[in-house]
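**Q** I have a structure I would like to understand better, so I am pasting it below and will then ask my questions one at a time.
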Amino acid sequence: MSSNCQAADPTPAPAAPRKSATGIAKGKAIEELAAGNKRYLSGGVMTHSWLQERIEVTGDIGQSPSVGILSCADSRVPVEMIFDQSVGDLFVVRVAGNYQSPDAAGTFEFGVEALGVHTLLVLGHTKCGAVNAALDGANPPGNMPVFIRAIRPALEAHTGGVSAIKSQTEAVEINVRWQLQQLLARSEILRKAREEGRLQILLGVYDVTAGAVRFLK
């Protein structure tokens with residue numbers, strides 16, 4: 001018996017192309033981070049609009065973050081939120097006082113060499129308890145002196161010494177610059193990436209009262 005019905009094509013339709021998990025293009029980091037911070041301040045955050053897609057993409061094909069950030073563990077500095085970035089965008093190390101260490105260096109080396117991180121931001125913040133403790137020469141109990149020992153040399157190396165530092169915010173900026181210098185001094189991989197133009201370096205201070213990020217020159 002004849003039939004006009006045709007067999008279904010067994011070839012599946014091609015899958016829709018996945019979007020890259022990297023949210024910030026090379027050379028656009030400071031522009032995009034600044035724009036994200038403005039959205040955060042204005043209440044016009046956008047991450048919710050692509051969050052589920054990012055979870056699916058990064059879970060499926062893996063991560064490809066574009067910006068590494070060395071930040072303080074302070075709960076008032078939620079890094080992805082203040083820059084309005086989503087899953088897969090940032091490669092973040094957080095520790096009290098945002099100080100460099102072999103762990104931080106190794107983490108960022110992996111980010112640059114294996115994941116495609118093209119920008120590194122060292123981010124301090126106002127009213128930092130770790131910097132305050134180092135500024136005051138405190139000697140807290142337990143393991144806490146580790147961040148005092150990591151930050152105090154930055155302040156002592158300042159022109160005129162610790163006594164010449166005029167404010168806590170100045171101390172935070174001094175620490176940010178020092179930690180970057182030490183991080184690059186520790187890591188030949190990061191230095192080489194910077195020299196070859198594969199790694200852009202940024203410095204910033206987040207104001208925990210105003211919610212704004214100020215990038216340093």
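**Q** Could you check how many residues of region 86-133 are of a type in the set (Phe, Trp, Tyr) and within 19 Å of PRO145 (Cα to Cα)?
**A** Within region 86-133, residues that are of a type in the set (Phe, Trp, Tyr) and within 19 Å of PRO145 (Cα to Cα) number 1.
**Q** Tell me the helices (runs of 4 or more DSSP H) entirely within region 127-204 that contain at least 3 residues that are crowded, with 20+ Cβ neighbours inside 10 Å.
**A** 129-136, 145-156, 168-186
**Q** Please verify whether VAL92 is touching a Ser or Thr at 6+ places or on another chain (Cβ under 9 Å) and either surrounded by 18 or more Cβ atoms within 10 Å (Cβ to Cβ) or under 22 Å from LEU199 (Cα atoms) (or both), treating the condition exactly as stated.
**A** In short, yes.
**Q** Another one. Going by what's in this entry, would THR126 be described as among the hydroxyl-bearing types (Ser, Thr, Tyr), at pLDDT 95 or above and farther than 30 Å from GLU196 by Cα?
**A** When the stated conditions are applied, THR126 passes them.
**Q** Got a sec? Which of VAL122, VAL176 is closer than 22 Å to GLY106 by Cα and touching a Gly at 6+ places or on another chain (Cβ under 6 Å)?
**A** Just one listed residue meets the conditions, VAL176.
**Q** For region 100-123, which residues satisfy the criterion of being in a loop (DSSP other than H, G, I, E, B), touching a Lys or Arg at 6+ places or on another chain (Cβ under 9 Å) and crowded, with 22+ Cβ neighbours inside 10 Å?
**A** Listed by number, the residues that qualify are GLN100, HIS118.
**Q** A further question follows. Give the residues of region 64-88 that are part of a helix (DSSP H, G or I) and basic (Lys, Arg), sorted by residue number.
**A** Across region 64-88, there are no qualifying residues.
Here is a yes/no grid of residues against (1) at pLDDT below 95; (2) within 30 Å of GLY116 (Cβ to Cβ); (3) out of contact with any strand residue (DSSP E or B) (no Cβ under 9 Å at 6 or more places or on another chain):
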| residue | (1), (2), (3) |
| --- | --- |
| LYS166 | no, no, yes |
| GLU173 | no, yes, no |
| VAL176 | no, yes, no |
| GLU188 | no, yes, yes |
| TYR206 | no, yes, no |
| THR209 | no, no, yes |
| ALA212 | no, yes, no |
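**Q** Go through (1) closer than 25 Å to ILE189 by Cα; (2) in contact (Cβ under 8 Å) with a residue 12 or more places away in the chain for PHE110 and report which single condition fails.
**A** It fails just one condition, (2).
The values are calculated or read from the model by the stated rules, or taken from the named source; none is laboratory data. These numbers come from a predicted model, not from an experiment. Cβ: placed from backbone, ideal geometry, glycine included. Neighbour counts: every protein chain shown.
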